[in-house]
Amino acid sequence: MRKIIVGTRRSQLALTQSNQFIQKIKDRFPEVDIEIKEIVTKGDKIVNVQLSKVGGKGLFVKEIEQALFDKEIDMAIHSLKDVPSELPDGLTLGCIPDREDPRDAFISKGHVKLADLKAGSVIGTSSLRRGAQLLSLYPELQIEWIRGNIDTRLNKLEHEHYDAIILAAAGLKRMGWSDDTVTEYLDHETMLPAIGQGALGIECRADDIEVLELLRAVHNEEVERCTQAERQFLKLMDGSCQVPIAGHAVIDGDQIHFKGLIMSPDGKEKYVSDVTGTDPAAVGRQAAEEMQVNGAHNIIAALNEEGSR
């Protein structure tokens, strides 16, 4: 087989999870020669602005996708939550491997739990989804945006004015951070995850049969079904980075259980949909239709219009 070039972001987490995935391929195909190509994306370059203010989709994937089109790389390893719900023509998700913990991790000074924080405590997060859900439960807290990799955010928590931060559990676990770092993992009733959180999406050219066959050996069909329902919901809700949107699916037998959430950024408006079914696309579509009937699209339309100004 030809040498395989893998494209990934340059961050320590991106490189770590890419090497972990590549090892899974090599465990199955020791003879395959794989090389990593680091690519800097627009989202990596913008470090002093809240991402929701930048607008647009695919801030962490467009440059990597262009490298696929230009045949500079053969596959791209993304955090699935960064991948827009619609891919460019000619590209496909050839593999969705095993999913890491999809929950959010709450980390505070002195290991004070979320419910025990004093009024006015400052929570650092760059996610509108996290901020809205926090304010819905604890309106007395202050939400301030924070950017940077895991080390940077932990350092800011220790040395700056933040009382706590929230990070994806998956990133912490892939980086090997011990549970001692985490004050508590937030259950889905407190903090519903981002669409695709904890999962990787391995993107390649749709006509690259050789790579597609390679990826099929490390594909997780159950995770694909769950994330397909989640991403169908995202697509139909037209959820952009301007919108606090969340959703998570699990499988029990042949049944897919999906919970979707749309909120206003201040946490005062909240729309929830719970759907169960066997077809992932139909589950995501039904959840979106319920949201539309309930009026959630009014929030999305207003936020998307505001973000386009």
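The values are calculated or read from the model by the stated rules, or taken from the named source; none is laboratory data. Being a predicted model, the structure only gives us computed values, none of them experimental. Glycine also receives a Cβ, built like all others from the backbone with ideal geometry; neighbour counts cover every protein chain displayed. The area values use the complete protein model at the heavy-atom level, side chains included, leaving out ligands, DNA and RNA. Shrake-Rupley method; radii C 1.70, N 1.55, O 1.52, S 1.80 Å.
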Inset, instruction - Please quote Rg/Rh for region 137-217 to two decimal places, taking the Kirkwood radius as Rh and restricting both calculations to Cα atoms. - result: 1.11
Legend entry - Alpha-carbon centroid distance for the pair region 224-277 / region 139-191, whole angstrom: 23 Å
Inset, instruction - Kindly identify region 146-290 as rounded, prolate or oblate by the Cα gyration tensor criterion: order the square roots of the eigenvalues as a ≥ b ≥ c, call it rounded if a/c is under 1.5, otherwise compare a/b with b/c, prolate if a/b is larger, else oblate. - result: oblate
Legend entry - Pairs beyond 21 Å (Cα-Cα), from K42/K81; K3/K37; K45/K156; K24/K235; K81/K235: K24/K235
Inset, instruction - For K270 and Q66, calculate 0.36 nm times their separation in residues minus their Cα-Cα distance, and state this gained length in nm to one decimal. - result: 69.7 nm
Legend entry - Bins of 10 Å from zero: percent of alpha-carbon pairs in region 230-297: 23, 55, 19, 3
Legend entry - Per residue, in Å², the accessible surface of region 172-286 once ligands and nucleic acids are set aside, probe 1.4 Å: 41 Å²
Inset, instruction - Quote the accessible area belonging to L128 in square angstrom, nearest 10, computed with a 1.4 Å probe and with ligands, DNA and RNA left uncounted. - result: 40 Å²
Legend entry - Cα-derived Rg to Rh of region 1-42, Kirkwood definition: 1.01
Inset, instruction - Could you pull the accessible area for T41 with a 1.4 Å probe, rounded to 10 Å²? - result: 0 Å²
Inset, instruction - Just the number, please: carbon plus sulfur as a percent of the accessible area of region 135-244, 1.4 Å probe, no ligands or DNA/RNA counted. - result: 43 percent
Inset, instruction - May I ask for log10 I(q)/I(0) of region 1-145 at q = 0.12, 0.13 Å⁻¹, from a Debye sum over the Cα atoms as equal point scatterers with solvent left out? - result: -0.65, -0.73
Inset, instruction - Over every pair of different alpha-carbon atoms in region 86-168, take the mean of 1/r and invert it; report that Kirkwood radius in Å. - result: 14.4 Å
Legend entry - Separation in nanometres of the label points that stand 7 Å from Cα toward Cβ, at T278 and Q292: 2.5 nm
Inset, instruction - Compute the distance in nm between two label points, each set 7 Å from the Cα along the Cα-to-Cβ direction, one at N19 and one at V32. - result: 1.9 nm
Legend entry - Computed accessible area, R153, all protein chains, 1.4 angstrom probe, square angstrom: 40 Å²
Legend entry - Square roots of 5 times each gyration tensor eigenvalue, C-alpha, region 79-230, largest first, Å: 34, 15, 14
Inset, instruction - Determine, at each q value in 0.13 (inverse angstroms), the log₁₀ of I(q)/I(0) that the Debye formula gives when each Cα of the chain is one equal point scatterer. - result: -0.96
Legend entry - Anchor K173: aspartates and glutamates whose Cα lies under 12 Å away (excluding residues fewer than 8 positions away in-chain): E100, D101, D104
Inset, instruction - Multiply the residue separation of R2 and A217 by 0.36 nm, subtract the distance between their alpha-carbon atoms, and state the gained length in nm to one decimal. - result: 75.7 nm
Legend entry - N304-E86 pseudo-label distance in nm [points 7 Å out on the Cα-to-Cβ vector]: 1.0 nm
